[in-house]
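S.K.: Here you go, one structure.
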């Protein structure tokens, strides 16, 4: 032993004190500071990481993001109730908005916040608003398949001929939204049967990017996802999309379901003015155009924003008639749990 | 050698502090148990008696069994090769064999899957996990081999046994506790593993609980699965505890054992060198190559220095705070267990040990809901995350600090007190300086474990806090492999000191490593 125990003790206490001091110092200078607006964000983190600085610069407000998945955050907000730290809730898909809405936790949006959004994407009581839309598609491998080999309906993927040939991500909010549309259009029994067929047939992966990758690499012939993943990859480098193409079901099939990303303000918010400012900005032309020009390639809902013309035009999608404000998230997770997908 | 004083009364504040720590450590188990009771037997039956649970059970058990067997075989074979033969460059090989511990399993999973997409499912998970965890068997077996008395083997030879037969009948039985202990540790790690198995697309209870959490936040199905997972972990933990109880194979006599005579390999030297080289190439070379490649050529490679810096700062602050809190929490527990033995002390120490069977996913799930329902004030604060770290890594600190306190002779306290020092002053001026090195070592171990923790951090990190592990996770699960690479590199760098520490420790390790 070269150091005396006494000195070692002193060294340890100095280290501990320094650790506590630096922890409190860092918390003082913003690492754990308190923001002007807290957004619970279930939309893609990357999109909000691009958007939020624009809003911060324009408004001078400091925004904190907490990221998670649609239904996780919706249930979390319900569990948190009046104590929720969230001011704004953004989702990828509308079933999560309905969960919070059904718990009566949303404040009514000011008219200015929804003025630019077509009325079918805003619930009649303005408890939240849509701000982006995404189209369901099937992707198919162009080496092993042609468009003619694809089924007429997304429901056909449950048929035995697709065994081992189709991939999807049951834990993703997107697939769960598609299920909610199938549920609204086809009813409970048909949905459960479809899910059970998919469980038998499908290659289950953790998210839509892996769906695309598994299709493009030829691991499976087809996959269920939203269109923008494929467009994004094509726009970046095509590494995971060069041997695949998109198949739009159209024809009002459940597989042409148009899902809506929602934005709402929590009634318990302590920063209501900032929250209203944010949503009004989010639906306004500037932010909608910024989203249209971003990497995202989702459909902006404000008609004044123009999306990249490479993306299939919004008015050619032929989606089924679904009331986006009444999709049932909890029943979807129950059905998926029953089908063994969760 | 005297470490106990029976005549001394246990100070109440000490007992209270110890009880408080034990209570905290029992929160996750209490949460799961009470929730499972609240679900009720009928609903619980519906949640558990379904094909999905059978599938997860099959996956989890088969992967655990396969990986435990494979790591046992690989660990023993490599340990014997490095310790007991004249393999050229043995010291170098020893370092290389332990090196996989410096690559967290989820980084290893990323390295493989980003290099070759066909690495997934059972085969992929089995390969990656085995390569990540075999050092957990290798290290204690090496330590045991070094402590064995060669005289036993020499007696066997002198009685006419061949070398092979001696190895089978004399050496292997003595290695048994080290092999089984290491394999059980592999099992516990595997049950808690989330990141690697999620990337490799092999669902087990831990990944399924996370999926349920992602869909329902606080669903009964998630908690029911957590109950099953905890039971599986407890089975392994009890097996390990039993094993440790009768681990009495080492020499009893004092003095230094002679080193064993290395087995000459002869012409086998070259093929065996090839085997060792292949293991190192797969376990260390592939991750290093993959990581290097993504750092250099990844199309989405970015070095956002401010984000890297922020994640590093958040990680260091959280890990420092967690290390301090965990080590401080260990002190009353250890003090009671060593200096005031009794029923209460034993119960308190064992309570903290239970955390060894609690995967991060269960602690995360429990603390999210328990804090929301019981103490909303701490919900989503850094304090709650630090508490989760303390629960998860308390066993590590307790083991280390205990080893220190047991060697601080209690007679010195008695002398100090007979010379007029009060109990607190005695603790401060006599005992604390003696156990300071073990406090430091315990804090260091906890610091390193926290800095690569993923699962509980994902669930509990306060709004806006991003750590190295969560940033890595967010990038790699979105297939932004290049963006994930700098975080992966930092995670590896952070893991190196703990690996060196473990390598230097000559005793079989029983602490959990970052999963």
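S.K.: Over chain B, what relative contact order in percent results from Cα pairs under 8 Å that are six or more residues apart? Don't skip to the end; give the middle numbers.
M.R.: Working: 710 pairs, mean separation 129.8, N = 515.
Averaging sequence separation for qualifying contacts and normalising by length gives 25 percent for chain B.
S.K.: Over the residues of the stretch A:189-339, compute the C-alpha Rg and express it relative to 2.2 N^0.38 Å. Show your work: numbers first, answer last.
M.R.: Numbers: Rg = 18.0 Å, N = 151, 2.2 N^0.38 = 14.8 Å.
Rg over 2.2 N^0.38 Å, computed on Cα atoms: 1.22.
S.K.: Where both partners of a DSSP beta bridge lie in the protein assembly as shown, what percent of those bridges are antiparallel, to the nearest 5? Show your work: numbers first, answer last.
M.R.: Values: 22 of 36 bridges.
Among the beta bridges of the protein assembly as shown, antiparallel pairing accounts for roughly 60 percent.
S.K.: Per residue of B:219-226, what is the mean number of Cβ atoms on other protein chains within 10 angstrom of that residue's Cβ?
M.R.: Numbers: counts 8, 1, 4, 1, 0, 0, 0, 0.
So the per-residue partner count for this stretch is 2.
S.K.: Still on this structure, please answer the following. Let me check against my output: what whole-number percent is the relative contact order of the stretch B:268-423, with C-alpha pairs under 8 Å and at least 6 apart? If you can, show how the numbers build up before the last one.
M.R.: Working: 77 pairs, mean separation 44.4, N = 156.
With pairs under 8 Å counted, the relative contact order is 28 percent.
S.K.: Can I ask one more? Per DSSP H run of at least 4 residues, take -39500 (n - 2.57); add these up for chain B, divide by its residues and hand me the 222 nm value, nearest 500 deg cm²/dmol. Walk me through the numbers on the way to the answer.
M.R.: Details: 25 runs with 376 residues, N = 515.
Per the formula, -24000 deg cm²/dmol.
S.K.: Going highest first, how would you order A:85-98, B:21-34 by mean Cβ packing within 10 Å?
M.R.: Numbers: A:85-98: 27.6, B:21-34: 19.3.
In descending order of packing, they fall as A:85-98, B:21-34.
S.K.: Let me ask something else about it. Evaluate the relative contact order of the stretch B:67-145 (contact order divided by residue number), counting alpha-carbon pairs under 8 angstrom at least 6 apart; express in whole percent.
M.R.: Numbers: 68 pairs, mean separation 43.2, N = 79.
That works out to 55 percent.
S.K.: Within 10 Å of each residue's Cβ, count the other Cβ atoms and sort B:426, B:60 from fewest upward. Could you put the intermediate results ahead of the total?
M.R.: Details: B:426 18, B:60 23.
Fewest to most other Cβ atoms nearby, the residues stand as B:426, B:60.
S.K.: Tell me the label-point distance for the pair residue A:189, residue B:273, using the 7 Å Cα-to-Cβ offset, in nm and rounded to one decimal.
M.R.: 7.3
S.K.: Based on the Cβ-Cβ distance from residue B:341 to residue B:122, what FRET efficiency comes out when R0 is 56 Å, to the nearest 0.05? Don't jump to the answer; show the numbers that get you there.
M.R.: Working: r = 47 Å, r/R0 = 0.84.
Efficiency, from the Cβ-Cβ distance: 0.75.
S.K.: Please work out how much length the chain gains when fully extended from residue B:50 to residue B:501, using 0.36 nm per residue of separation minus the C-alpha to C-alpha distance, in nm with one decimal. Walk me through the intermediate numbers first.
M.R.: Values: separation 451, 0.36 × 451 = 162.36 nm, distance 4.50 nm.
Using 0.36 nm per residue and subtracting the Cα-Cα distance, I get 157.9 nm.
S.K.: For the stretch A:124-254, what is the convex hull volume of the alpha-carbon atoms per residue, in Å³? Each step should come with its number before you reach the end.
M.R.: On the way: hull volume 15.3 nm³, N = 131.
Per residue, the Cα convex hull of the stretch A:124-254 comes to 117 Å³.
S.K.: Rounded to the nearest 0.05, what FRET efficiency do residue B:306 and residue A:45 have when you use their Cβ-Cβ distance and R0 = 22 Å? Show your work: numbers first, answer last.
M.R.: On the way: r = 17 Å, r/R0 = 0.75.
So, using R0 = 22 Å, E works out to roughly 0.85.
S.K.: Sticking with this one: Can you give the translational diffusion coefficient of the stretch A:145-216 in µm²/s, computed by Stokes-Einstein from the Kirkwood radius over Cα pairs at 37 °C and 0.692 mPa s? Numbers along the way, then the final one.
M.R.: Numbers: Rh = 12.7 Å.
D, rounded to a whole number, is 259 µm²/s.
S.K.: Using square roots of five times the C-alpha gyration tensor eigenvalues, list the equivalent-ellipsoid semi-axes of chain B in whole Å, biggest first. Don't skip to the end; give the middle numbers.
M.R.: Details: eigenvalues 237, 226, 105 Å².
Ellipsoid semi-axes (Å, largest first): 34, 34, 23.
S.K.: Using the Kirkwood radius over C-alpha pairs as Rh, can you work out the diffusion coefficient of chain A via Stokes-Einstein at 10 °C, viscosity 1.306 mPa s, in µm² per second?
M.R.: Working: Rh = 21.5 Å.
Approximately 74 µm²/s, per Stokes-Einstein.
S.K.: Right, something else. Please order B:471, B:406, A:111, B:55 by the number of other Cβ within 10 Å, starting at the fewest. Could the numbers behind the result be given before it?
M.R.: On the way: B:471 24, B:406 17, A:111 9, B:55 14.
So the residues, fewest neighbours to most, are A:111, B:55, B:406, B:471.
S.K.: Taking every DSSP beta bridge with both residues inside chain A, roughly what % is antiparallel (nearest 5)? Present the calculation step by step, with values, prior to reporting the outcome.
M.R.: Numbers: 22 of 35 bridges.
About 65 percent, rounded to the nearest 5.
S.K.: Now for a separate question. Just the C-alpha atoms of the stretch A:56-126: what Rg/Rh do they give, with Rh taken as the Kirkwood radius? Don't jump to the answer; show the numbers that get you there.
M.R.: Numbers: Rg = 13.3 Å, Rh = 13.6 Å.
Rounded to two decimals, Rg/Rh equals 0.97.
S.K.: Taking 56 Å as R0, compute the FRET efficiency from the Cβ-Cβ separation of residue A:204 and residue B:421 and round it to 0.05.
M.R.: Values: r = 66 Å, r/R0 = 1.18.
With a Förster radius of 56 Å, E is 0.25.
S.K.: Next question. How far is it, in nm, from the label point at residue B:157 to the one at residue A:323 when both lie 7 Å from their Cα along the line to the Cβ?
M.R.: Label-label distance for residue B:157 and residue A:323, simple model: 8.8 nm.
S.K.: With each run of n ≥ 4 DSSP H residues scored as -39500 (n - 2.57), what mean residue ellipticity at 222 nm is computed for chain A after dividing by its residue count and rounding to the nearest 500 deg cm²/dmol?
M.R.: Details: 12 runs with 141 residues, N = 342.
That calculation yields -12500 deg cm²/dmol at 222 nm.
S.K.: In addition: Let me know the volume per residue of the alpha-carbon convex hull for the protein assembly as shown, in Å³.
M.R.: 179
S.K.: Against the 2.2 N^0.38 Å scaling, with N counting residues, where does the stretch B:1-122 land? I'd like the Cα-based Rg ratio to two decimal places.
M.R.: On the way: Rg = 24.2 Å, N = 122, 2.2 N^0.38 = 13.7 Å.
That ratio works out to 1.77.
S.K.: Residue separation times 0.36 nm, minus the C-alpha to C-alpha distance between residue B:92 and residue B:231: what's the value? Write down the numbers at each step before the final one.
M.R.: Details: separation 139, 0.36 × 139 = 50.04 nm, distance 4.05 nm.
Using 0.36 nm per residue and subtracting the Cα-Cα distance, I get 46.0 nm.
S.K.: Give the Rg/Rh ratio for the stretch B:277-389, taking Rg as the radius of gyration of the Cα atoms and Rh as the Kirkwood radius, to two decimals. All intermediate terms of the calculation are to be shown ahead of the outcome.
M.R.: Working: Rg = 20.7 Å, Rh = 18.2 Å.
Result for the stretch B:277-389 is an Rg/Rh of 1.14.
S.K.: Turning to a different aspect of this structure: Gap in Å between the Cα centre of the stretch B:441-475 and the Cα centre of the stretch A:147-170?
M.R.: What the calculation gives is 40 Å, centre to centre.
S.K.: Okay, next question. Give me B:57, A:327 sorted ascending by neighbouring Cβ count inside 10 Å, so fewest comes first. Could you put the intermediate results ahead of the total?
M.R.: On the way: B:57 16, A:327 26.
Placing the least packed residue first, the sequence is B:57, A:327.
Computed from the coordinates by the stated procedures, all read-outs in this text should not be read as laboratory data. Every value quoted in this text rests on a predicted model; they were computed, and no experiment measured them. A quick note on method: Cβ atoms are made from the backbone with ideal geometry, for glycine too, and the neighbour counts reach across all protein chains shown.
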